[in-house]
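*Asks:* Would you mind keeping the following structure in view while I ask a few things?
The values are calculated or read from the model by the stated rules, or taken from the named source; none is laboratory data. Predicted model only: the values in this text are computed from it and were never measured. Virtual Cβ from ideal backbone geometry, glycine too; neighbours counted across all protein chains shown. Please note that ligands, DNA and RNA were not included when accessible areas were found on the heavy atoms of the full protein model with its side chains. Shrake-Rupley method; radii C 1.70, N 1.55, O 1.52, S 1.80 Å.
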Amino acid sequence: MHADDTGHAYDTGRTDGDPGIVIVGAGLVGAVTALYLAPRFGPVTLLEKRADPRRVTGGQGRSLTVMLSARGWRVLADLGVADAVREICVPLHGRCGHLAGRAHVTPYSRDRQPIWSVERERLHRILLDAAEALPGVRVRFEQRVHSVDLDDPAVLVEDRQGRHRIGCRRILGCDGAHSAARAALEARGARAELRKLELAYQEIDVPGGWLDRATMHYWPTGDAMFAAFPMPSGEFSGSLFMRLEGPAPSYAAAAGGRDLFDMFAAHFPEPTAAIPDIAGQLATKAVSTLSVVRCDRWVWQDTFALLGDSCHAMAPFMGHGMNCGFEDARILVDCLDAASDWTAGLAAYEKSRTEDADAISHLSYRHYFTMANPPREETAADVLRGRLLDLFPDRFVPLYESCAFTEESYASVLRDDQRLDRLVAELLDRHGRELAAAPDDGLRARVSPLITDTVSLEDSGCS
Ligand SMILES: Cc1cc2nc3c(=O)[nH]c(=O)nc-3n(C[C@H](O)[C@H](O)[C@H](O)COP(=O)(O)OP(=O)(O)OC[C@H]3O[C@@H](n4cnc5c(N)ncnc54)[C@H](O)[C@@H]3O)c2cc1C
């Protein structure tokens, strides 16, 4: 027997063969990580606290749909499951904002590339099937990992038979925002922050037939937002985002039932008319909170690493949490392939990912306010920014497009966006607001000297 820090005794006598690398959590990122690792590094055991989702019906309390972008597709292609996933996806060409009775579509990219809406559960099933079909991968459900031992690598697990200790070679924490694995790093001095956002959401089933299926739809009100994503079934998966606490509109102020319906009807008349059982859904559907995680260390020596939401849970508004988690797994194996040993590989992985995760997390939170509070009137800076993107398409790429359709590092996308902001501010400072309305030739003449290859934005004083 072995006792953990809390004094609980764990059976060490049970052996089920060499578990090899243990992955804590068989969610989307855990399954992808197993698929990448097993062919390179031998046996992988996934330990999942929940029951097998392929044998139970009903969601796991998270969004029904998730958006796949280029980073996600790259990983699915690497792992040989892209074709299977594409069959269950709906392409989305933009977001359609419904404001004051008018609908306005913003394409996701200038060349009309789509991102892809996929049902979370079906994607999860495909990944679990693929992982289990791979020699060397074992997925064990209803195995709750309580803690991780980094000194003598092992996980302490509870299942129906009781508590036991599984010794292993290495441990990867893919156990989501409330990660138990992360605690092992915190015990060694890592600083981790788990923050509940002020926003909460309810999943709402939305019938089809009244909305264009080529875009996602959103109804911004400043203080709350309703969004709907098409599903292959023809229906839409809706989400009502609103503050959890505080004055109306908020879940606390509405206090459920009739109040919540009245609030919804006042803010979202169009969806209210189109969703026949909206009052019942608002009264009964769970209100879920959103968490953000930031952690300054992701790895420990040659033994341990965190991936996915366990180290960078983020607000969902850019649709990149899962895509970023998939990219973690790809970059982890790239770093391990390139390094002489696991210590160097894990260190390179941490170095390469933390800044990127911070960047996309920042952008994701900011994006909510962009969507929820669309400006009634465009400012001169907005107009000028849009015109620079149009006039210099090879030089400037819209931020959303860079995140969704390229694999450029998120941190570098953020830096480019900040440079563009500074360039716009400097141009307006030098030439006044009239520049935003200048003819194309005049605008080109003023901007070109600042953005030629020989004169970087930094050199021009715009950095
Ligand atoms: C409303 C909403 C919409 C979203 N939309 C998008 C989107 O469009 N695109 C996108 O890319 N991302 C999106 N995301 C983010 C995405 O859902 C997450 O980033 C993704 O699920 C993270 O996967 P993960 O495997 O790291 O963590 P999780 O999905 O949380 O999986 C963790 C797994 O670990 C298991 N586990 C936890 N603790 C233990 C333990 N102690 N022992 C054993 N097992 C354990 C859990 O049961 C779970 O199966 C959205 C999120 C939300 C909330």
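*Asks:* Return only the number of the condition from (1) β-branched (Val, Ile, Thr); (2) modelled with pLDDT of 95 or more; (3) more than 13 Å from the ligand (Cβ to nearest atom) that residue 66 does not satisfy.
*Replies:* Of everything listed in (1) β-branched (Val, Ile, Thr); (2) modelled with pLDDT of 95 or more; (3) more than 13 Å from the ligand (Cβ to nearest atom), residue 66 misses just condition (3).
*Asks:* Out of 129, 111, 159, I need the residue that is free of Cβ contacts under 8 Å to residues at least 24 places away in the same chain and more than 30 Å from residue 210 (Cα to Cα). Which one?
*Replies:* 159
*Asks:* All but one of (1) out of contact with any His (no Cβ under 7 Å at 6 or more places or on another chain); (2) within 14 Å of the ligand (Cβ to nearest atom) hold for residue 163; which doesn't?
*Replies:* (1)
*Asks:* With the requirement that a residue be in contact with a strand residue (DSSP E or B) (Cβ under 9 Å, 6 or more places away or on another chain) and modelled with pLDDT of 90 or more, what does region 366-400 give you?
*Replies:* Residue satisfying the conditions is 400 alone.
*Asks:* Give the residues of region 71-86 that are open to solvent by 70 Å² or more (accessible area, probe 1.4 Å) and closer than 19 Å to residue 319 by Cβ, sorted by residue number.
*Replies:* Hits for region 71-86 are 74, 86.
*Asks:* Could you list, in sequence order, the residues of region 185-200 that are touching a residue at least 60 places away in the same chain (Cβ under 8 Å) and hydrophobic (A, V, I, L, M, F, W, C)?
*Replies:* Across region 185-200, the qualifying residues are 185, 190, 192, 194, 197, 199, 200.
*Asks:* Scan region 204-234 residue by residue and report those that are assigned to a loop (DSSP other than H, G, I, E, B) and modelled with pLDDT under 95.
*Replies:* 221, 222, 223, 231, 232, 233, 234
*Asks:* Give me the helices (runs of 4 or more DSSP H) completely within region 298-394, filtered to those with at least 1 residues that are open to solvent by 10 Å² or more (accessible area, probe 1.4 Å) and within 16 Å of the ligand (Cβ to nearest atom), ordered by residue number.
*Replies:* 309-312, 321-338, 342-372
*Asks:* Return yes or no: is residue 193 closer than 30 Å to residue 250 by Cα and not in a loop (DSSP other than H, G, I, E, B)?
*Replies:* Here the answer is yes, as residue 193 does meet what is asked.
*Asks:* Is there a residue being over 23 Å from residue 178 (Cα atoms) and within 14 Å of the ligand (Cβ to nearest atom) anywhere in region 77-88?
*Replies:* Within region 77-88, the first condition is being over 23 Å from residue 178 (Cα atoms), and the residues that meet it are 77-88.
Filter once more, keeping what is within 14 Å of the ligand (Cβ to nearest atom): 85.
Yes, region 77-88 contains at least one residue that is over 23 Å from residue 178 (Cα atoms) and within 14 Å of the ligand (Cβ to nearest atom).
*Asks:* Could you tell me how many of the residues in region 200-221 are closer than 16 Å to residue 263 by Cβ and open to solvent by less than 20 Å² (accessible area, probe 1.4 Å)?
*Replies:* 6
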